[in-house]
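Accompanying notes for the structure given below.
The values are calculated or read from the model by the stated rules, or taken from the named source; none is laboratory data. Because the structure is predicted, anything quoted here is derived from the model rather than measured. Backbone-built Cβ (ideal geometry, glycine too); neighbour counts: all protein chains shown.
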Amino acid sequence: MARAAVPGRLNRGASWRVAQLVESREETGTARTLVLEVPDWPGHTPGQHVDVRLTAPDGYRAERSYSIASAAAGNRIELTVQRVPDGEVSPYLIDVFSVGDPVEIRGPVGGWFVWRSADPAPVLLVAGGSGIVPLMAMVRARRAAGSRVPFRLIYSVRTPRDAYFADELRQRARDDGGLDVSYVYTRETPDGWPSAAHRIGVADVNSHGWPAELEPTCFVCGPTGFVETVADILVALGHDSRRVKTERFGPTGG
Ligand SMILES: Cc1cc2nc3c(=O)[nH]c(=O)nc-3n(C[C@H](O)[C@H](O)[C@H](O)COP(=O)(O)OP(=O)(O)OC[C@H]3O[C@@H](n4cnc5c(N)ncnc54)[C@H](O)[C@@H]3O)c2cc1C
């Protein structure tokens, strides 16, 4: 059984734990899900992330943040990593890091961009690319909690091949009552798709989101430009900015 998540914003002073990769699976041609076993994991709330630290043989260290994709489940957490071409950490995690290997992690981090199943407000999730990761944790936690809180997810991807968790989302939209999933394709649509490829705009958020009068909690995650565009649209559509929660997946290295 999962234990209670650490409240508050972490825990930054918390110690590093040595986790072990127990499973790795392909999500898309450029992204993998890494299943980590973390000794004494305190549990997490969906939306939180961890810091991952790599140390080279010469002592050089690199640290990056990765959202947790899984709902709380004992000592296991799942991260889904997108390969950033020429990146320092993500290609290592995808191409080199192997089952049985150790990695240092710290967390869970974050107390604002989180969904709690006791909150009855409807939820709008808007993801751009790998920004789906913490939102998927919310979809999975909703299911695990048996929650009936209405969820709508708008997921923007370049092409159908770039969508993470596509089969699971299809199944959950069918089986988890009250979850709607819609896609926006920016470069290539599936055959017969009713609209041309385009970047997310007011019409998408208006048609597939919630009316502001219902006072949904909105979670927006993805690249910085995407997040800012969607947050501006939501506020223009009348959503209270205090209920528009954002997470930007910008570079975290130094
Ligand atoms: C809170 C938080 C949660 C995150 N969660 C995830 C997650 O769940 N999955 C995931 O794949 N990533 C996530 N990221 C991004 C991740 O932390 C790294 O930034 C990313 O993996 C790139 O690291 P890198 O070392 O491979 O590239 P770097 O060596 O840091 O960068 C290489 C080049 O790519 C650019 N770049 C760096 N990061 C990005 C990016 N995200 N998008 C586009 N260009 C970039 C840099 O400016 C640089 O030019 C998250 C970031 C934050 C802040």
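Got a sec? Which of A141, A127, A118, A137 is among the small types (G, A, S) and over 15 Å from the mean Cα position of the chain (by Cα)? Break it down stepwise before answering.
Details: A141 fails: over 15 Å from the mean Cα position of the chain (by Cα); A127 fails: over 15 Å from the mean Cα position of the chain (by Cα); A137 fails: over 15 Å from the mean Cα position of the chain (by Cα).
The unique qualifying residue is A118.
When the residues of the range 166-207 are filtered to those that are among the basic types (K, R) and free of Cβ contacts under 8 Å to residues at least 12 places away in the same chain, which remaining residue is farthest from A127 (Cα to Cα)? If you could, list the steps in order and put the result at the bottom.
From the range 166-207, those among the basic types (K, R) are 170, 172, 174, 187, 199; that's our starting set.
Okay, now just the ones that are also free of Cβ contacts under 8 Å to residues at least 12 places away in the same chain, so 170, 174.
Working: R170: 16, R174: 20 Å.
By that ranking, first place goes to R174.
Test of understanding: among R142, R116, R152, which residue is in a loop (DSSP other than H, G, I, E, B), at pLDDT 95 or above and in contact with a Pro (Cβ under 9 Å, 6 or more places away or on another chain)?
Working: R142 fails: in a loop (DSSP other than H, G, I, E, B); R152 fails: in a loop (DSSP other than H, G, I, E, B).
Answer to the check: R116.
Tell me which residues, restricted to the range 106-124, are under 20 Å from C221 (Cβ atoms) and within 14 Å of the ligand (Cβ to nearest atom).
Just the residues of the range 106-124 that are under 20 Å from C221 (Cβ atoms), to begin with: 107-117, 119, 121-124.
Selection gives G107, P108, V109, G110, G111, W112, F113, V114.
Just to be sure I understand, how many residues within the range 73-96 are within 13 Å of the ligand (Cβ to nearest atom), in contact (Cβ under 8 Å) with a residue 40 or more places away in the chain and surrounded by fewer than 19 Cβ atoms within 10 Å (Cβ to Cβ)? Show your work before the answer.
Initial filter on the range 73-96 (within 13 Å of the ligand (Cβ to nearest atom)): 77-96.
Those left that are additionally in contact (Cβ under 8 Å) with a residue 40 or more places away in the chain: 77-83, 88-89, 93-94.
From the residues that got through so far, the ones that are surrounded by fewer than 19 Cβ atoms within 10 Å (Cβ to Cβ) too are 83, 88.
Residues that pass the stated criteria total 2.
When you go through Y164, Y183, Y155 one by one, which is the residue that is more than 16 Å from the ligand (Cβ to nearest atom), within 19 Å of the chain's Cα centre (by Cα) and aromatic (F, W, Y)?
Y183
Considering I132, I200, which residue is within 26 Å of T28 (Cα to Cα), in a loop (DSSP other than H, G, I, E, B) and modelled with pLDDT of 95 or more? Lay out the reasoning, then the answer.
Values: I132 fails: in a loop (DSSP other than H, G, I, E, B).
Testing whether each residue is within 26 Å of T28 (Cα to Cα), in a loop (DSSP other than H, G, I, E, B) and modelled with pLDDT of 95 or more leaves just I200.
Here's a check for you: in the range 136-146, which residue that is over 15 Å from T33 (Cβ atoms) and crowded, with 19+ Cβ neighbours inside 10 Å is farthest from the ligand (Cβ to nearest atom)?
Restricting attention to the range 136-146, the residues satisfying the condition of being over 15 Å from T33 (Cβ atoms) are 138, 141-146.
So of that shortlist, the ones also crowded, with 19+ Cβ neighbours inside 10 Å come out as 138, 141-142.
Working: M138: 13, A141: 16, R142: 19 Å.
Per the stated criteria, the residue is R142.
Could you list, in sequence order, all residues of the range 30-72 that are surrounded by 22 or more Cβ atoms within 10 Å (Cβ to Cβ) and free of Cβ contacts under 8 Å to residues at least 60 places away in the same chain?
Result: W41, V50, V52.
Out of the residues in the range 211-254 that are surrounded by fewer than 21 Cβ atoms within 10 Å (Cβ to Cβ), part of a loop (DSSP other than H, G, I, E, B) and more than 18 Å from the chain's Cα centre (by Cα), state the one that is farthest from the ligand (Cβ to nearest atom).
P211
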